[in-house]
Amino acid sequence: MKNPVNILIAILLLWMCGSTYYYITNIIVLDHESISSSVMVSEVEETRSELEVIEKEITEGVDEVVEEKTLVEKEISIDNKTVYFGFGSNNLTLDDGFKGYIDDLNTYIEEHTDQIILLIGHTDTVGSESVNTLMGMERAEFVKSILIQAGVDGNQIKTKSKGETEASSSSDTKEGRSTDRRVEIITK
């Protein structure tokens, strides 16, 4: 009978040794995995931080480009304009539209100091050529004085008279002559 008990004890000892070995190796494997996991988490955190820095740099770069683009889009471009005068008149009444145009023109000229505003005075064909040439110049000078009062640098304004030589339409009708009495505002 001692043999079966010895066999049972031997089996029990082998089972205990095997179980102990199994648990110890699993603990080492689990511990190794947790160490690996913590190393991997640390590496992931580092990579995430680096990516956040790169993303921030890219975003800031994009923001700067967007700001530059916005500034370029906000830059005022100014169109040429024509203002009309009454018969025999060398002055005009300023409406809100023309006042807004003058403000935009002033801003444009302040930003573009190399630009020149050319004011060309015109008249209809009623009267002598010499009187009309003088009237065209007076009209151009009147518009120049308005621009200077609005803050435009007088050194950036040139005046010229074409008198009756460049009719915009037929001078045979009252409506045609009214479109000839004008000053063209041209930015160069």
Anything in the range 157-178 that is farther than 14 Å from ILE120 by Cα and among the polar types (S, T, N, Q)? List them, or say none. SER169, SER170, SER171, THR173, SER178
For the range 77-89, give me each residue that is modelled with pLDDT under 90 and either assigned to a loop (DSSP other than H, G, I, E, B) or at positive phi (or both). SER77, ILE78, ASP79, PHE85, GLY86, PHE87, GLY88, SER89
Exactly one of THR159, THR123 is under 12 Å from GLY88 (Cα atoms), crowded, with 17+ Cβ neighbours inside 10 Å and among the hydroxyl-bearing types (Ser, Thr, Tyr), and that one is THR123
Using beta carbons and a limit of 7 Å, which pairs, at least six apart or on different chains, have the first residue in the range 170-186 and at pLDDT 85 or above and the second one small (Gly, Ala, Ser) and in a helix (DSSP H, G or I)? VAL183/ALA140
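The values are calculated or read from the model by the stated rules, or taken from the named source; none is laboratory data. Quick caveat: nothing in here was measured; it's all calculated off a predicted structure. Backbone-built Cβ (ideal geometry, glycine too); neighbour counts: all protein chains shown.
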